[in-house]
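K.L.:
Following this message is one structure expressed as structure tokens.
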Amino acid sequence: MKKFFEEFKKFAVKGNVLDMAIGVVIGSAFTAIINSLVSDIIMPLVALITGDVNFAELKVTLKGDITLNYGSFIQFVVNFILVALVLFFVVKAINKLKEPKVEEKKEPEPSEELKALNKIVALLEKKK
């Protein structure tokens, strides 16, 4: 049993596990931000365009208290698209930062000696 706990401790304190845990916490906070963006900013604008419709309350009553809440589904789809879009831009920006900057290499200015040698070669070629 002691060996099991030692292995678990070794696994739990690995860098990848800690990085993943940090990512989950940041992801949860990011999800709250995106949910607020969708429900508090985007959906009211969509409601303004579509005629003051609250998507979260759109539903079809099937039988009695049984409802098909398709408006809530629409809101979750919008959330997903926005999260995917923002993550795309974040990953794109990070990848751009990771790319090594390629500087244009300028041809070095030929030395005076090389210029003189080139003139001599040109004169010799003319004489041929």
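The values are calculated or read from the model by the stated rules, or taken from the named source; none is laboratory data. No experiment lies behind these values; they were computed from the predicted model shown. Positions of Cβ are generated from backbone atoms using ideal geometry, with glycine treated the same way; all protein chains shown enter the neighbour counts.
K.L.:
It is to be established whether one or more residues within the range 51-61 are within 28 Å of the chain's Cα centre (by Cα) and not hydrophobic (A, V, I, L, M, F, W, C). Break it down into steps so the answer makes sense when it comes.
P.N.:
Initial filter on the range 51-61 (within 28 Å of the chain's Cα centre (by Cα)): 55-56.
Checking the rest, the ones that are also not hydrophobic (A, V, I, L, M, F, W, C) come to none.
No, every residue in the range 51-61 fails to be within 28 Å of the chain's Cα centre (by Cα) and not hydrophobic (A, V, I, L, M, F, W, C).
K.L.:
Another one. Consider the range 61-81. How many of its residues are over 20 Å from Met43 (Cα atoms) and hydrophobic (A, V, I, L, M, F, W, C)?
P.N.:
Start the filter on the range 61-81 by keeping residues that are over 20 Å from Met43 (Cα atoms), which leaves 61-67.
Adding the requirement that they be hydrophobic (A, V, I, L, M, F, W, C) leaves 62, 66.
Going through the range 61-81 one residue at a time, the tally reaches 2.
K.L.:
Name the residues in the range 72-82 that are exposed (fewer than 14 other Cβ atoms within 10 Å of the Cβ) and among the aliphatic types (A, V, I, L, M), would you?
P.N.:
Result: Val77, Ile81.
K.L.:
Considering only residues of the range 54-71 that are loosely packed, with under 13 Cβ neighbours inside 10 Å and in a helix (DSSP H, G or I), which is modelled with the highest pLDDT?
P.N.:
Here the answer is Tyr70.
K.L.:
Is it the case, given these coordinates, that Ile22 is β-branched (Val, Ile, Thr) and over 30 Å from Leu85 (Cα atoms)?
P.N.:
no
K.L.:
Please go through (1) surrounded by 10 or more Cβ atoms within 10 Å (Cβ to Cβ); (2) under 26 Å from Val86 (Cβ atoms); (3) modelled with pLDDT of 80 or more for Glu7 and return the number of the only condition it doesn't satisfy.
P.N.:
Here Glu7 clears every test but (2).
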